[in-house]
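Asker: Before anything else, here's the structure in question.
The values are calculated or read from the model by the stated rules, or taken from the named source; none is laboratory data. Just so we're clear, the structure is a prediction, and the values are computed from it rather than from any experiment. Please note: Cβ atoms are built from the backbone with ideal geometry, for glycine as well, and neighbour counts cover all protein chains shown. Accessible surface areas use protein heavy atoms only, side chains included; no ligands, DNA or RNA. Shrake-Rupley method; radii C 1.70, N 1.55, O 1.52, S 1.80 Å.
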Amino acid sequence: MPWNATLQYLINQPVGVSLADGTGVSGILCSITHKEIYLMEYLYHTQFALRHYPLSQIQNVLPFPSCNNTGPLY
């Protein structure tokens, strides 16, 4: 699958990533190379980490859906 071409529009956008082992991660898609994606993930407090995932271990990358802000939920 040509990940580079199909995911370029998601650069700098929040995404969810399904991995081949059945787990998932989410974050901001920072870049895509011919072998990996780079994802900025939130850790805790004020800490973030730029992590990379091999394209061979990725099943899918999906953009976050938009919020339907109809008012507070409380």
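Asker: If I filter region 25-59 down to residues being among the β-branched types (Val, Ile, Thr) and in a strand (DSSP E or B), which single residue comes out as nearest to Leu7 (Cα to Cα)?
Answerer: The qualifying residue nearest to Leu7 (Cα to Cα) is Ile32.
Asker: Mind checking which residues of region 8-19 are in a helix (DSSP H, G or I) and either within 10 Å of the chain's Cα centre (by Cα) or modelled with pLDDT of 95 or more (or both)?
Answerer: The answer is Leu10, and nothing else.
Conditions (1) at pLDDT below 95; (2) surrounded by 12 or more Cβ atoms within 10 Å (Cβ to Cβ), marked per residue:
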residue	(1), (2)
Asp21	no, no
Val25	no, yes
Ile28	no, yes
Ile37	no, yes
Met40	no, yes
Ala49	no, no
Tyr53	no, yes
Asn68	yes, no
Pro72	yes, no
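Asker: Separate question: Please go through region 1-19 and give me each residue that is open to solvent by less than 30 Å² (accessible area, probe 1.4 Å) and under 20 Å from Ser66 (Cβ atoms), ordered by number.
Answerer: The answer is Leu7, Leu10, Val15, Gly16, Val17.
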